[in-house]
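K.L.:
Here you go, one structure.
All of the numbers you see were taken from the coordinates with simple rules; none came from a lab. Keep in mind the model is a prediction, meaning the values are calculated, not measured. Glycine also receives a Cβ, built like all others from the backbone with ideal geometry; neighbour counts cover every protein chain displayed.
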Amino acid sequence: MTKLPSSLQKLINELGKLPGVGPKTAQRLAFYLLKQDSIDINSLSQSIAQIKEGITFCSICHNMGETDPCSTCADVRRDHSLVCVVEEPLDAQAIDKSGQYNGIFHVLGGVLNPLEGLGPENLEIDSLLARIKNEELGIKEVIIATNPSLEGETTAMHLSKVIKAANPEVKITRIARGLPMGGDLEYADDITLMRAMEGRREY
């Protein structure tokens with residue numbers, strides 16, 4: 001049986017460790033990279049090697065950025081009385097990109113998942129509560145924007161309970177969920193339809 005060169009096999013093995021990349025995809029990626037110009041390969045390898053150097057995590061909201069505090073927390077033009085709680089940095093980016101939100105964020109770093117050993121102590125919940133309790137920050141509303149999964153819903157319920165206990169004056173809201181643009185009613189699940197009906201508004 002013909003063996004691949006060890007350097008190529010090592011690359012395939014490393015690529016296979018990436019989320020969503022199976023053995024066949026890892027092979028295709030490795031062979032694609034093999035055909036590329038050495039300048040492009042060097043640029044890619046340098047970007048990967050330097051990824052940790054150019055990124056820091058904000059000590060206030062735990063979002064990733066190039067400075068601490070991050071550009072969002074440092075932006076005086078944003079509404080600092082409005083905090084949107086998300087699971088991961090990419091969620092914050094998606095909400096910000098919509099152009100419909102001008103508040104600040106708080107990144108939990110995951111969701112509650114007892115099966116994987118993730119409890120409240122493993123998430124950035126204590127720092128969120130500290131921000132809410134700090135009257136000088138003037139936080140008036142917390143938007144819970146965890147994903148509409150079982151773990152996301154469990155996390156949202158837990159957050160609602162502990163936020164109310166920390167500061168009963170703070171308004172707690174949950175992002176609306178419903179049917180995506182271009183989606184068909186007949187293919188929607190029961191929970192999505194229920195949320196769509198709950199979130200209806202006057203036309």
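K.L.:
Computed FRET efficiency, Cβ-Cβ of TYR32 and LEU90, R0 30 Å: what is it to the nearest 0.05?
P.N.:
It comes to 0.75.
K.L.:
Something else now. With a ≥ b ≥ c the root eigenvalues of the C-alpha gyration tensor of region 21-175, is it rounded (a/c under 1.5), prolate (a/b larger than b/c) or oblate?
P.N.:
prolate
K.L.:
Could you tell me the distance between the Cα centroids of region 129-165 and region 50-102, to the nearest Å?
P.N.:
Using only Cα atoms to place each centre, the spacing works out to 17 Å.
K.L.:
A further question on this structure: Counting other C-beta atoms within 10 Å, and keeping those with at most 13, which DSSP coil trypsin sites (Lys or Arg not before Pro) do you find in region 1-89?
P.N.:
LYS3, LYS17, LYS52, ARG77
K.L.:
Above 16 Å lies some portion of the pair distances; for region 113-203, what is it as a whole percent of all C-alpha pairs?
P.N.:
Pairs farther apart than 16 Å: 63 percent.
K.L.:
Provide THR2, THR155, THR67 in ascending order of the number of other Cβ atoms located within 10 Å of each residue's Cβ, fewest first.
P.N.:
THR2, THR67, THR155
K.L.:
Let me ask something else about it. Ignoring everything except DSSP H segments at least 4 long, calculate the 222 nm mean residue ellipticity for the chain; use -39,500 (n - 2.57) per segment, divide by total residues, nearest 500.
P.N.:
The per-residue figure over the chain is -12000 deg cm²/dmol.
K.L.:
Under the rule that an exposed site lies in a DSSP loop and has at most 13 other Cβ atoms within 10 Å, name the longest stretch of the chain with no GluC sites (Glu not before Pro) of that kind, not counting the sites themselves.
P.N.:
Longest run free of exposed loop sites: 67-168.
K.L.:
To continue, here is another question. If you project the alpha carbons of region 6-49 onto the principal axes, what extent comes out on each, in Å, largest first?
P.N.:
27, 19, 17
K.L.:
Given an 8 Å cut-off on Cα distances and at least 6 residues of separation, report the relative contact order of the chain as a percent.
P.N.:
13
K.L.:
OK, next. Could you line up ILE139, ILE95, ILE41 from fewest to most neighbouring Cβ atoms inside 10 Å?
P.N.:
By the 10 Å Cβ count, ascending, the order reads ILE41, ILE95, ILE139.
K.L.:
Using 0.36 nm per residue, how much length does the chain from ASN134 to ALA196 gain when fully extended, once their Cα-Cα distance is taken away?
P.N.:
18.8 nm
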